[in-house]
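Since every read-out is calculated from the coordinates, none of them should be taken as a lab result. Bear in mind the structure is a predicted one, so any value in this text is a computation, not a measurement. Cβ sites come from the backbone with ideal geometry, for glycine too, and all protein chains shown count toward neighbours.
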Amino acid sequence: MTKHIFITGGVVSSLGKGITAASIGLLLKERGLRIRHQKLDPYINVDPGTMSPFQHGEVYVTEDGAETDLDLGHYERFTGIPCSRNSNYTTGQIYHSVISKERHGDYLGATVQVIPHITNEIKTAVASVTGDDVDVAITEIGGTAGDIESLPFLEAIRQYYLEAGKENALFIHLTLVPYLHAAGEMKTKPSQQSAGVLRSIGIQPDIMICRTEQHMSEEHFRKIALFCNIDRNAVIEEKDIKHSIYEVPVELQKQKLDDLILKLLNVEAPEASLSSWKRMISDIKNTADEDKIEIALVGKYARLKDAYKSIYEALDHAGFAFRTKINVNRIEAEEIEKKGADQLLKGVAGILVPGGFGQRGTEGKILAAEYARKNNIPFLGLCLGMQCAVIEFARNVCKLDGATSEEWLPEAEHKIIALMADQVDIKDMGGTMRLGAYPCVLKPKTLARHLYRTEQVDERHRHRYEFNNNYREIFEKKGMVFSGLSPDERLVEIVEIPGHPYYIATQAHPEFKSQPTKPHPMFKGFIKAAIEKIESNL
Ligand code: GLN
């Protein structure tokens, strides 16, 4: 039977619940348990797919093609266990399903209400990550205790816990213990009150994890234990870390959080060694500040750090492998249109153009791809980044004037990027994309094949438009190589330019599959080439 851990947050948002949940997942996985992660989001959008990255940050895509919350990226990066569409539910999705059932008459004339209909639907969602192949499911509840929106979720997990019975479920509450600089003291009152909010709706936390800037004293631990009604050893400190978020599991393990969880759930499992993880952390700590390279990321949402979360993480992972810090210079694509590529990109070790939607900023991305190609700067294009790279090549190498994408100019003559003829037309803004994992066959003797060291790979997608096959011949004649194709050879997946130190672009989003101890080959190759570029200039 699957045991369940519910993680809630209190006092303020942005405490790092996702990283804490991911760290707990890693610790339990390393102890040999089969775990699954899940996130319940209180917002009303059915999924984050239609939200602006400014609102929500990155949309993380799962193997099975769900557009989900970026916390799922943390779960996968920490544990390496793929999430699925059952790993993320929103209020919108829950209501959508209840309302559809009501319209089908499934409730047999009953008045449909938050309790029990919505809460039952949430319980079904929670149960969807359990099963014979799962020892422990970890469900994170988005939002902060006390929010109106979270209430149905909290009520549902209260009931779930009650029905599962003690030893089969536990509540972990993550709060803030602020340090008041003016008073020179740490304050436990917000945490006490937050646990009180949960108690008032029938949830008694089993473990409190306290986010702090400074170490807590024994008195703080005892105070929180006493007023939150838990054991002293069930109060865990999660102090801000110095080097990397990947240190969090190690810090939690030092405080024996995993032992405590297993004791409360009455599960026996061997100790977690975390050996490769700890080696990676020591590599991070031993990387000197001067061992750094500058990578330019030319995007539309460069201002907002969360918009390209998985890309920044994947770059860091590749940096860990070479003990090199990655200094990402986040450049707004439109700035390149205004100031020119040379002014903003001169001297960078590598240029990365990420995915995106719509035309704004694309001319800047095209200029960045041209600058990288002509100046032998390592280049990695991802999804829209690949589309911009091939459009640049069409205009400047194949001399196809006005080459563009159907997305920006449907009536253009040279639509290098276009909807495939057999694709349906787009009416509904959700669900019309190529989403999730698709296979790609790698051509022998190409950079792509050399990087992956295998014949066929799966990468995740999230896009509507594809390379237009009418242009394959002229591109190949002019020196671009289509090094990755779908198994039926109809879709171009990876392109590259031989002779350039590193010029590769993919229609997929490889960033979603990179892990700190297993950097993605395309990112690893990119960072390696960038380091070599800098060394060749020394
Ligand atoms: N807008 C492009 C398309 O839909 C690229 C999408 C992306 O970069 N994720 O094909």
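Just a few scattered comments:
- Inter-centroid distance (Cα atoms) of segment 444-490 relative to segment 319-371, Å: 23 Å
- Sorted fewest first by neighbouring Cβ atoms within 10 angstrom, 408, 277 come out as 408, 277.
- Its relative contact order, with pairs defined as Cα atoms under 8 Å and 6+ residues apart, puts the chain at 15 percent.
- Classification of segment 118-174 by its C-alpha gyration tensor yields a prolate form. The axis ratio a/c (a ≥ b ≥ c) is 1.5 or more, and a/b outweighs b/c.
- Between 0 and 90°, nearest 10: helix 91-103 axis offset from the chain longest Cα axis: 80 degrees
- Global geometry of segment 457-529, whether rounded, prolate or oblate, following the gyration tensor of its Cα atoms and the 1.5 cut on a/c: oblate
- The loop-placed GluC sites (Glu not before Pro) in segment 431-495, going by DSSP, that have at most 16 neighbouring Cβ atoms within 10 Å of their Cβ come out as 455, 489.
- To the nearest ten degrees, helix 362-374 and the longest principal axis of the Cα atoms of the chain are 60 degrees apart.
- When the alpha-carbon atoms of the chain are used, the pair Rg, Dmax equals 24.8, 77 angstrom.
- Across segment 307-312, rounded Karplus estimates of 3J(HN,Hα) from the backbone phi angles (6.51 cos²θ - 1.76 cosθ + 1.60, θ = phi - 60°) give 5, 10, 3, 5, 5, 4 Hz, Gly and Pro being marked x.
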